[in-house]
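Engineer: Okay, handing you the structure first.
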């Protein structure tokens, strides 16, 4: 059965945030979790409701089946890197306050593994499908939805990053025409390396 895609709304928070988190739990935990104080999803919920930046609801799409949100993700290009960095900084300062410097440093460390995308590239991120629906082709539908957005915008290339610890996701992306361009190893505790993948649109 086909998914119906629409722009996310603030009231999608309970369904969308776990899907966003599932796209890179080790990286999100490294950057945003403070044991005994807050989980990474606590911060993602805060940022989602703020609306702006790469974690905000305004940048996300959701896929519905029978009225239930079962997939989520976002797309953007290098043209928004500066704006997204400023929005993330504001959200981190607003949420973590005195703990913000540590979070910002960890975010910069992660950017050596998952680099900001280049200009004129459709970058797919935060791709998530609810665990009960995996293996039903929903991830392919989500990606194809985003690829069509890129084609409509006249962009030449699509790209994404996949964790080296997620071979199933990499196999899906390869079936959809993506190929690994760069592999970046990780020295961060609990964080896997990343493979940057591209395909022409």
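Bear in mind these aren't lab numbers, they're just calculated from the coordinates by the rules spelled out. No experiment lies behind these values; they were computed from the predicted model shown. Here the Cβ is made from the backbone with ideal geometry for all residues, glycine too, and neighbour counts use every protein chain on show.
Engineer: Between residue 89 and residue 68, what is the label-point separation in nm under the 7 Å Cα-to-beta-carbon projection?
Structural biologist: 4.2
Engineer: For the range 47-95, which semi-axes, largest first and in whole Å, follow from the square roots of 5 times the eigenvalues of its Cα gyration tensor?
Structural biologist: 24, 14, 6
Engineer: On to the next question. Which of 11, 66, 161 comes first, and how do the rest follow, when ranked by fewest Cβ neighbours within 10 Å?
Structural biologist: Ordered from fewest to most neighbouring Cβ atoms within 10 Å, 11, 66, 161 come out as 66, 11, 161.
Engineer: Right, here's the next one. Would you please give the FRET efficiency between residue 98 and residue 49, computed as 1/(1 + (r/R0)^6) with r the Cβ-Cβ distance and R0 = 30 Å, to the nearest 0.05?
Structural biologist: Efficiency for this residue pair is about 0.85.
Engineer: Now for a separate question. How far is the Cα center of the range 79-124 from the Cα center of the range 3-38, in Å?
Structural biologist: 15
Engineer: Right, here's the next one. Say R0 is 22 Å: what FRET efficiency, to the nearest 0.05, do residue 188 and residue 37 get from their beta-carbon distance?
Structural biologist: On the way: r = 20 Å, r/R0 = 0.91.
The formula returns an efficiency of 0.65 here.
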